[in-house]
Amino acid sequence: VHLCGSHLVDALYFVCGERGFYYSSNRNQKGIVEQCCHKPCSIYHLEGYCE
């Protein structure tokens, strides 16, 4: 799934819930926009950005 802008933020709120999230993963130096907007990513990938 390609997620950009408000769609990406909404998906992160849905996946992470009360845990919250951040836009760069400690495990991956690329930001979430490069990972999920420019290229498709999965729900499991989004979970990597949860707190």
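The values are calculated or read from the model by the stated rules, or taken from the named source; none is laboratory data. On a predicted model such as this, the values are computed, not experimentally measured, just so you know. We place every Cβ from the backbone using ideal geometry, glycine too, and count neighbours over all the protein chains shown.
What the table shows:
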{"item": "Residues being buried (at least 16 other Cβ atoms within 10 Å of the Cβ), part of a helix (DSSP H, G or I) and modelled with pLDDT of 90 or more - total across segment 1-50", "result": "8"}
{"item": "Pair list, Cβ under 8 Å, 6 or more apart: segment 1-27 residue of a type in the set (K, R), other residue at pLDDT 90 or above and not in a helix (DSSP H, G or I)", "result": "R19/C50; R19/E51; R27/G48"}
